[in-house]
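Below: one structure, written as structure tokens.
All of the numbers you see were taken from the coordinates with simple rules; none came from a lab. Predicted, not measured: the structure shown is a model, and the values here were computed from it. A quick note on method: Cβ atoms are made from the backbone with ideal geometry, for glycine too, and the neighbour counts reach across all protein chains shown.
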Ligand code: CUA
């Protein structure tokens, strides 16, 4: 009788201890998930180059939206431009080093740049252009970084961009894995 009593006291104690173990496992898993998610999110953003770049809306000069853009090897500065449908836009583009191009297919822009010589073009953004993000790119071969010499021009609203959603997708996957591990641990305890 005395032995049995002792045994029944032991069981809930043991159960409590393994519950604490499960909680610790969840905390460790959460910690790992946060580190991984942060790391992947940061990595993707720095690869895509969209993390820190700010959106440049140009300067209004006599009703013209004016952008002054530098094209050093191998990027555009500023790299993300924003205009509105119907805007008159002026691009003043200068290469500080070698020959580059500045092209936006959808807007009919293609400047051939010589070193230290400002090139200017003026366009009207069509009122009926589909809003979204268009790509600007270097159209003259300029070395190993040429294929990556790209920028964006947002017309109206930003629209869908794959680079912007990747960090959220990875976070979602991580949270899914986290939730699954909690369910598995929870099931094992009951
Ligand atoms: Cu710059 Cu190609």
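Computed quantities for the displayed model
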item	result
Paramagnetic reach from residue 112 in region 65-105 [backbone N under 20 Å; point 7 Å along Cα→Cβ]	71-73, 91-105
Normalised alpha carbon radius of gyration of region 55-160 [divisor 2.2 N^0.38 Å]	1.01
Most to least packed among 97-106, 60-69 [average Cβ atoms within 10 Å]	97-106, 60-69
